[in-house]
Amino acid sequence: MYAALHPGRVSHLVLYNSLYGATVGHPTLGSDGENADPADRTRFNVAQFGAYRLNTAESLMPSWDRSISGEDKAAWRDPAVARAYQQAALASDTTAAARKPAAFRAPSGAMEDSFYLANGRQLWDAASVTARVLIIRSGNDFWSRAADVAALQAQLAWAA
């Protein structure tokens, strides 16, 4: 969004597994998922999540695990990398250890933005971007969709 609002200030942009709001019906982040307001499935559930959500080390793993095929996740992902990821996440919040179990605060704004992007709302206009752009989407990504990449490619008309 920053690169679209301030094209003269950004020379290079890397988009990694990025939602762009290309389509509705995201399988986990959209209006059928846990982030939707039960009273109005087209809206983010602010009452449940508030300004931030609490995440434990264990809560970080299910979405990552779902993106790994097969039952033995350690065969694909080094357990030391998973532990380092969990430790770094907890260390990002100096109040994490005060909770039982330890939990770090993560702002809900990114999840709210993702909810609306997953429901087809584009929050920024790629046509305004003039930077050199690299779009990366991993093969097993559960977050972005092929349609997001296609829409970005089509709308990045002024990108270098």
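Given a 1.4 Å probe and every protein chain left where it sits, what share in percent of the accessible area of the chain is carbon and sulfur?
Values: 5340 of 9530 Å².
Carbon and sulfur: 56 percent of the exposed surface of the chain.
With protein chains left intact and a 1.4 Å probe, residues in the chain average 60 Å² of accessible area per residue.
Share of antiparallel DSSP beta bridges in the chain, in percent to the nearest 5? Please list the in-between numbers first.
Values: 7 of 12 bridges.
Within the chain, antiparallel bridges account for around 60 percent of the total.
Report, in deg cm²/dmol and to the nearest 500, the calculated mean residue ellipticity at 222 nm for the chain, where each DSSP H run with n ≥ 4 adds -39500 (n - 2.57) and the sum is divided by the residue count.
Details: 6 runs with 47 residues, N = 160.
After summing the helix terms and dividing by the residues of the chain, the value is -8000 deg cm²/dmol.
Using only alpha carbon pairs under 8 Å that are at least six residues apart, calculate the relative contact order of region 1-90 and give it in whole percent. Don't skip to the end; give the middle numbers.
On the way: 35 pairs, mean separation 12.3, N = 90.
That works out to 14 percent.
When the chain is treated as a Gaussian network with alpha carbon springs shorter than 10 Å, the biggest mean-square fluctuation among Ser114, Ser69, Ser138 belongs to Ser69. In this structure, the amide hydrogen of Tyr52, modeled 1.01 Å from its nitrogen in the peptide plane, lies closer than 5 angstrom to those of Ser108, counting only residues at least 5 positions away or on a different chain. Under a 10 Å cutoff between Cα atoms, tell me which one of Ala150, Ala98, Ala51 has the largest fluctuation in the Gaussian network model of the chain. Of Ala150, Ala98, Ala51, the Gaussian network model singles out Ala98 as fluctuating most.
For the chain, the longest principal axis of the Cα atoms and the long axis of helix 146-155 meet at an angle of about 30 degrees. Across the chain, C-alpha contacts under 8 Å between residues 6 or more apart give a mean separation that, scaled by the residue count, equals a relative contact order of 44 percent. The candidate values are (1) 33; (2) 16; (3) 44; the one derived from this structure for percent of Cα pairs over 28 Å apart carries the label (1). Per q in 0.23, 0.29 1/Å, what log10 I(q)/I(0) does a Debye calculation on the alpha-carbon atoms of region 82-140 return? The computed values of log10 I(q)/I(0) come out as -1.00, -1.12. A dipole drawn for region 60-136 from +1 and -1 charges on Cβ atoms has a positive end, and of Ala84, Gly109, Thr94 the residue lying farthest that way is Thr94.
The values are calculated or read from the model by the stated rules, or taken from the named source; none is laboratory data. If you're wondering where the values come from, they're calculated on a predicted model, not measured in any experiment. Neighbour counts are summed over all protein chains in view; Cβ atoms, including those assigned to glycine, are modelled from backbone coordinates with ideal geometry. For the accessible areas, the whole protein counts, side chains as well, though only heavy atoms, and no ligand, DNA or RNA atoms are used. Shrake-Rupley method; radii C 1.70, N 1.55, O 1.52, S 1.80 Å.
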